[in-house]
Amino acid sequence: MFVGRYAVAILTLALAGSLVVKKIVPAGEGTLRDHRPLFIIWLVFVIIIIGALSFVPALSLGPIAEFMNMAAGGIIHV
């Protein structure tokens, strides 16, 4: 229990410490600009797609399960 609780915190602090000493590189041509409208549109689009893919299986399986239950002659209790 001790390892499971504190190992993650120690590793996270070690990662943060290594990022603190990292040299800052000035922005160049290959830098992803995150303040432009195209980036914001893509970000919102990806969030919506991931969210939809999380709910679509449940939404599509509900009617299928209900049909199978009706076809078997069962009664659904909610």
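Scanning region 1-36 for residues that are surrounded by 10 or more Cβ atoms within 10 Å (Cβ to Cβ) and of a type in the set (S, T, N, Q) yields a count of 1.
Residues checked against (1) in a helix (DSSP H, G or I); (2) at pLDDT 85 or above; (3) hydrophobic (A, V, I, L, M, F, W, C):
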residue: Val3; (1), (2), (3): yes, no, yes
residue: Val8; (1), (2), (3): yes, yes, yes
residue: Leu13; (1), (2), (3): yes, yes, yes
residue: Lys23; (1), (2), (3): no, yes, no
residue: Pro26; (1), (2), (3): no, yes, no
residue: His35; (1), (2), (3): no, yes, no
residue: Val46; (1), (2), (3): yes, yes, yes
residue: Ile49; (1), (2), (3): yes, yes, yes
residue: Ile75; (1), (2), (3): no, no, yes
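Take the conditions (1) at pLDDT 90 or above; (2) loosely packed, with under 10 Cβ neighbours inside 10 Å; Phe39 misses just one of them, which is (2). Determine if region 55-72 includes at least one residue that is under 18 Å from the mean Cα position of the chain (by Cα) and of a type in the set (Phe, Trp, Tyr). There is at least one residue in region 55-72 that is under 18 Å from the mean Cα position of the chain (by Cα) and of a type in the set (Phe, Trp, Tyr).
The values are calculated or read from the model by the stated rules, or taken from the named source; none is laboratory data. Quick caveat: nothing in here was measured; it's all calculated off a predicted structure. Counting neighbours? That spans all protein chains shown, and the Cβs are built from the backbone with ideal geometry, glycine included.
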